[in-house]
Amino acid sequence: MGDADGRGRPRTDAPLSVKIRLGDGRIHSSDLIHNISLGGIFIETPDAMPFGVEVALEFTLPVPPRAIRCRGFVVWSSRTHPDKCPGQQGVGIRLTDIGITEMRLLNDLAKQQPAERDAGT
């Protein structure tokens, strides 16, 4: 079952707090995940990060409560692609380093709670 934009991955609205650590070790901030899928997430943030910036992410899934730590990189921002998320500021992150168990949990979450509106990666 794929999502409406043809990406082939279920996506869910997921208002989750996320801690972002940039590739150089700096803590970016605690922002909000807007939506999530197995392949990527959209993070609402007023600070644009340029394409390719590597990030480490930490967030907690609500059911079952599970801390997720993974890595990814910025694939787009609302400053350079305002059409992807009208009225929102943020970045699309492609997930690149995530464990099998965590991938299953994200996939299960996305299947159970499909996104109403897509602003993803």
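Some observations on this one:
- Checking each residue of the stretch 22-41 against the condition of being of a type in the set (Ser, Thr, Tyr), touching a helix residue (DSSP H, G or I) at 6+ places or on another chain (Cβ under 8 Å), modelled with pLDDT of 80 or more and within 25 Å of residue 100 (Cβ to Cβ) gives at least one match.
Residue-wise test of (1) surrounded by 11 or more Cβ atoms within 10 Å (Cβ to Cβ); (2) part of a loop (DSSP other than H, G, I, E, B).
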position	(1), (2)
60	yes, no
64	no, yes
69	yes, no
74	yes, no
79	yes, yes
83	no, no
87	no, yes
93	yes, no
96	yes, no
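- Residue in the stretch 70-89 that is within 25 Å of residue 111 (Cβ to Cβ) and modelled with pLDDT under 85 present: yes
- Every listed requirement among (1) polar (S, T, N, Q); (2) loosely packed, with under 14 Cβ neighbours inside 10 Å; (3) touching a Ser or Thr at 6+ places or on another chain (Cβ under 9 Å) is met by residue 101 save one, (3).
- Total residues in the stretch 65-83, condition out of contact with any Ser or Thr (no Cβ under 6 Å at 6 or more places or on another chain) and touching a residue at least 40 places away in the same chain (Cβ under 8 Å): 1
- If you go through the stretch 34-56 and keep only what is buried (at least 20 other Cβ atoms within 10 Å of the Cβ), among the hydrophobic types (A, V, I, L, M, F, W, C) and either without any contact (Cβ under 8 Å) to a residue 40 or more places away in the chain or part of a strand (DSSP E or B) (or both), you end up with 36, 41, 42, 43, 55.
The values are calculated or read from the model by the stated rules, or taken from the named source; none is laboratory data. Just so you know, these numbers come straight off a predicted model, no measurement behind them. Quick reminder, even Gly has a Cβ in these numbers, built from the backbone with ideal geometry, and neighbours come from all protein chains shown.
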